[in-house]
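Below is one structure, written out as structure tokens; comments come after it.
None of the figures in this text is laboratory data; all of them are computed from the coordinates on show. The structure displayed is predicted, hence computed values, not measured ones. With ideal geometry, Cβ positions are generated from the backbone for all residues, glycine too; neighbour counts draw on all protein chains shown.
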Amino acid sequence: MVQQRSMSHAVESSTLADVLERVLDKGVVIAGDIRVKLVDIELLSIQIRLVICSVDKAKEMGMDWWVNNPIFRQQKDDGALANSLASIEERMARLEAASAQEEIRAGRSASPSQSVHVP
């Protein structure tokens, strides 16, 4: 009598979320160098270093360049921005008024389409 054995395969399927979680938790480093030489003269050298990991893992490794980068920081002082904008608007109003005074002195009145409105 021939005995049949069933083969069991140890296939573990991972979802994209599992793979992404594992990559972000552990981190991945991709490194590469490209050099273009012509008759032993190096014309171009490119070094590529790519690190893919979570923010927490990057901080553990000492990579926190985004902390002090003003592009990635939130603007906490909205008052300074509002003051600056008010100052610019005030200056514009003074310049427009002075321009209108110059036109009046020169004897040229502003046409209705060019009238200056100062709030």
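Details
- Rounded to 0.05, the FRET efficiency of the Val36 and Asn69 pair, given R0 = 41 Å and the Cβ-Cβ distance, is 0.80.
- With θ taken as phi - 60° and the Karplus curve 6.51 cos²θ - 1.76 cosθ + 1.60 applied, the whole-hertz 3J(HN,Hα) list for segment 27-37 is x, 9, 10, 10, 10, x, 10, 10, 10, 10, 10 Hz, x standing for glycine and proline.
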